[in-house]
1. For residue 383 paired with residue 366, estimate the spin-label separation in nm (one decimal), with each label point 7 Å from Cα along the Cα-to-Cβ line.
2. 7 Å from Cα along Cα→Cβ at both residue 376 and residue 271: what's the point-to-point distance in nm?
3. Keeping every protein chain in place, order 281, 94, 194 by accessible area at 1.4 Å, biggest value first, i.e. largest first.
4. Could you tell me the relative contact order of the chain? Use alpha-carbon pairs under 8 Å, at least six residues apart, and round to a whole percent.
5. At 0.36 nm per residue, minus the direct Cα-Cα distance, what do residue 194 and residue 52 gain on full extension? Give it in nm, one decimal, please.
6. Here is the link list: 293/376; 192/238; 273/412; 56/341; 168/273; 238/383. Which ones come out longer than 21 Å on Cα distance?
7. Sorted by accessible area (1.4 Å probe), largest first, how do 284, 327 line up?
8. Among 321, 332, 62, which one shows the biggest mean-square fluctuation in a GNM of the chain, springs joining Cα atoms closer than 10 Å?
Amino acid sequence: MKLAARLAVPVAALALAGLTACAPQTSDNSSSGEDETTGTLRVWLFQEVSNEPKQKVVDKVVSAFEKAHDGAKVKVEYIPVETRAQRIKAAFNDPKSAPDLIEYGNTDTAGYVKDGGLADVTTEFNDWSESKDSDPTAKTSVTVDGKIYGAPFFVGVRALYYRTDVFKELGLEAPKSLDELAGTARQIRAAKPDLYGLVVGGAYTYGAMPFVWANGGEIAEGKGGSYASSIDSPAAQKGIEAYTSLFGDDNCPAAKCASMGGNDTVTAFAAGKAGMAIGGDFSHAAVEAGKVKGKYAVVPLPGVKSGSVAPAFAGGNNVGVLKSTTHRTLAVDLMKRLASKETQGELFDAMGFLPTYTDVRAAAAKEEPFIEPFVKTLSSGTKFVPASPAWAQIDASLVLPTMFQEVVSGKKDVAEASKDAATQMNDAFSSAG
């Protein structure tokens, strides 16, 4: 029985009790000063590599919502992750054309709150019976200065996907260290020149950062909102060197791989063009839908020491209500439905998204062995980006991808590129206050 099916009855009853009651007390009023109970709610969700499974789950949620609210309609638009910063910032500045509800990356929370775009939903979240089972780390990702600005949607970490058929043919074993990973990648490329050994991307920040973290480096250091970049430290530079050394004719040619982002690398692996790739639990559906179905396995990305696990970025997405909405109560209801245990169970079944609820995730781990390496990666210690509103600016300005690409292209060496990146980061931290 699928996870969502086992959750459906109790969760549906819970949702009915919690979501169809009278309008909840709100934590703050929307800046529009309106709270209409009919009309069209606009929702922006992220476009996935393979989006149809996600859309089916969302369509089911929307259908139930519209049946529960006579006169209310929902229009969902799927937007590219790569251009989210420009789209969402424009929405914050133009309430009339803005959506009511958005999916957003957990790294964006502090910046979006500083921009005044997200509604404070602390009271509604804390009064929601399901929220008590939220993973503490996931809850932290929607919290700024003690107030809650959304609901965790899924948690995501990355691990190493590899081709079992290629490894068997070449007599290879899954690498147990980053040095072994690089060596294995070059062996695959040498034996099969039509394949990338390990497909990497110059614009794949969260595929690159484990190399930095595993070598003892950090993006930035500080606390209490005051940060200073440490991407140019000796340890971080060692990690940058380890990652950028993988861009070459002996593994992943810079001419093709320098511009790749995370989705590009997953797409290449799914299409059978690579021996290995760094992909997330959320990449599972896309890989399963590709040519390598039945011919791959996943292990945690190894660290520097043999047998260790490289720290992964504790990623994931949230859903939040915009402060400018004229349908606050409806938008909060839809937010809860999208982030509910039932929906997260269905998204896990459809996409492989790891649930943000501890009990739902435990049930998922028992049911589906494919998530074991991702759960192990989570338990081995993860990293996060600086909890500063400056991160949204740093991310949107492509500071780290530019740094990697400058090294890969030969325009700058690691020391110069990392020093320039640190300067840009520190400028952003200073301007954020």
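1. Label at residue 383, label at residue 366, 3.5 nm between them.
2. Using points 7 Å along Cα→Cβ, the separation is 3.0 nm.
3. Numbers: 281 0, 94 70, 194 125 Å².
Greatest to least solvent exposure: 194, 94, 281.
4. Values: 846 pairs, mean separation 116.0, N = 433.
With pairs under 8 Å counted, the relative contact order is 27 percent.
5. Values: separation 142, 0.36 × 142 = 51.12 nm, distance 2.99 nm.
In short, 48.1 nm is gained.
6. Numbers: 293/376 23 Å; 192/238 29 Å; 273/412 29 Å; 56/341 16 Å; 168/273 17 Å; 238/383 18 Å.
Long pairs (Cα-Cα over 21 Å): 293/376; 192/238; 273/412.
7. On the way: 284 35, 327 10 Å².
The residues order as 284, 327, largest area first.
8. Greatest mean-square fluctuation among the candidates belongs to 62.
The values are calculated or read from the model by the stated rules, or taken from the named source; none is laboratory data. Only a predicted model underlies this, so the values are computations on that prediction, with no experimental measurement involved. Neighbour counts are summed over all protein chains in view; Cβ atoms, including those assigned to glycine, are modelled from backbone coordinates with ideal geometry. Ligands, DNA and RNA are stripped out before the accessible areas are found, and what is left, the full protein with its side chains, is counted by its heavy atoms. Shrake-Rupley method; radii C 1.70, N 1.55, O 1.52, S 1.80 Å.
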